[in-house]
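The values are calculated or read from the model by the stated rules, or taken from the named source; none is laboratory data. Just so it is clear, the model here is predicted, and its values are computed rather than measured. Cβ coordinates were reconstructed from backbone atoms using ideal geometry, including for glycine residues, and neighbour counts include every protein chain displayed. Keep in mind that these areas ignore ligands, DNA and RNA; they rest on the heavy atoms of the full protein, side chains included. Shrake-Rupley method; radii C 1.70, N 1.55, O 1.52, S 1.80 Å.
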Amino acid sequence: MEENDMRTITLNDGNQIPAVGFGVFLIPNDGPTYDAVLTALKAGYRHIDTAAAYFNESDVGQAVKDSGIPREEIFITSKLWLQDYGYEGAKRGLHDSLTKLGMDYIDLYLLHQPYGDVAGAWKALEEAKAEGKIRSIGVSNMTPKIWKEFVPQLHTIPAVNQVECNPFFQQKELRELLKKDDVKIEAYKPLGHGNESLLSHPVIQRLAEKYGKNAGQIILRFEVQEGMIVLPKSTNPDRITGNIDIFDFELEESEMAELRRLDTGKGDHDPEAPGVGEMLLANYKVHD
Ligand code: A2P
């Protein structure tokens, strides 16, 4: 089959983002992230997703530099952590991210969590975008309820909302809400975090056999055909390579419909749970 054109998605601010990004959450700094990012870049990824609270921005920056690939050919996402919310804090947090990455701009910068002085932090991101330090700005972990609470106060509509999303948790209500402003979903844990009951699901296994692909590739292809940006994570070089090799086949509409029916409406993380903002702030300290 011909290669199709789903590799890149246009955001609501006109910028382009590669549909498959390499996620580095939980991969340690000082080696493992460096190795994984270099492997990913060699495998053809041109989109890396990190965050201040992943503690591995410096490995990401070093790997990008050492890859020999021009900076402008690689799409870099990072995220502001809760400790740096508010207008002044966000300016400092962004400065720290740029310093650790060793870069003079970030392609996409997100408010990692929807708590605290979101509006103040967002204003600093808008200014940094106008100054060219960030190309696109977005949010993460916003449920429909949280989106409706914060976004109407913001001058610029976010380009993306990065949330947990996989065939068992398809975020249908959120996707419907974001559609009117053409806000793209970025799926984290797009493979259900390696959930065996998802990977070995008979519908997915049957499609894997039909297309000569593995379960992960079927899931990622489904999500990309649904219009999402996906951020699969792996430290296994074969899976890193395989997870971007999803552009040489296309799921049929009846197969898409079958996969849509796997939704249970439930995920691992509930951003609306009481005290979750305080818990995250207590557990992840980016300045200690
Ligand atoms: P590994 O690092 O050994 O590849 P998610 O991105 O949804 O959080 O899932 C990440 C988990 O899924 C990791 O444990 C990773 O393990 C595993 N994984 C990544 N790619 C695949 C794949 N194509 N098939 C099965 N498991 C995968």
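At a 10 angstrom cut-off on C-beta neighbours, averaged per residue, how do the peptides 17-24, 249-256 rank from highest to lowest? Each step should come with its number before you reach the end.
On the way: 17-24: 25.2, 249-256: 13.9.
Descending packing order for the listed peptides: 17-24, 249-256.
Between 0 and 90 degrees, rounded to the nearest ten: what's the tilt of helix 57-67 against the longest Cα principal axis of the chain?
Helix 57-67 and the main axis of the chain meet at about 60 degrees.
Residue by residue through the range 25-32, what is 3J(HN,Hα) from phi via Karplus (6.51 cos²θ - 1.76 cosθ + 1.60, θ = phi - 60°)? Round to whole Hz and write x for glycine and proline.
The phi angles translate into 4, 6, 8, x, 7, 6, x, x Hz.
Could you order the peptides 232-238, 58-64 from most to least packed, using the average number of other C-beta atoms within 10 Å per residue?
Result, highest mean Cβ count within 10 Å first: 58-64, 232-238.
Going by amide H atoms built from the backbone, whose H comes under 5 Å of the H on Phe75, apart from near neighbours?
Excluding prolines and chain starts, which carry no amide H, the hits are His47, Ile48.
Would you kindly derive the ³J(HN,Hα) couplings of the range 153-160 from the backbone phi angles with the Karplus curve 6.51 cos²θ - 1.76 cosθ + 1.60 (θ = phi - 60°), listing them in order in whole Hz, with x for Gly and Pro?
After applying 6.51 cos²θ - 1.76 cosθ + 1.60, I find 7, 8, 6, 9, 6, x, 7, 9 Hz.
Evaluate the chain: find the radius of gyration of its Cα atoms, find its Kirkwood radius, and give the ratio Rg to Rh.
0.94
Taking amide H atoms as placed 1.01 Å from N in the peptide plane, list the residues 5 or more away in sequence, or in a different chain, whose amide H sits under 5 Å from that of Ile106.
Residues meeting the criterion, in which the H sits 1.01 Å from N, are Ile134, Arg135.
Pop out the ³J(HN,Hα) list for the range 248-265 in order, Karplus 6.51 cos²θ - 1.76 cosθ + 1.60 with θ = phi - 60°, rounded to Hz; leave Gly and Pro as x.
10, 8, 9, 6, 6, 4, 5, 6, 4, 4, 5, 5, 4, 6, 7, 4, 9, x
On the accessible surface of the range 117-238, probed at 1.4 Å, how many percent belong to carbon and sulfur atoms?
Working: 2540 of 4940 Å².
Answer for the range 117-238 is 51 percent, counting heavy atoms of protein chains only.
Can you give me the accessible area per residue for the range 1-120, using a 1.4 Å probe, in Å²? Kindly include the intermediate steps, with their values, before the conclusion.
Values: 4780 Å² over 120 residues.
On a per-residue basis, the range 1-120 sits at 40 Å².
Give the long-range amide H neighbours of Leu26: residues separated by 5 or more places, or on another chain, with amide H under 5 Å away, using H modelled in the peptide plane at 1.01 Å from N.
none
What are the extents of the Cα atoms of the range 195-288 along their three principal axes, in Å, largest first?
Sorted largest first, the three principal extents are 49, 31, 24 Å.
Going Cα to Cα from Lys233, which lysines come in below 24 Å? Please leave out same-chain ones fewer than 8 positions away.
Here the lysines satisfying the reach criterion relative to Lys233 are Lys42, Lys65, Lys79, Lys100, Lys172, Lys184, Lys189, Lys213, Lys266, Lys285.
Starting from a Cα-only point model with no solvent, please compute log10 I(q)/I(0) by Debye for the range 41-102 at q = 0.13, 0.25 1/Å.
-0.35, -1.02
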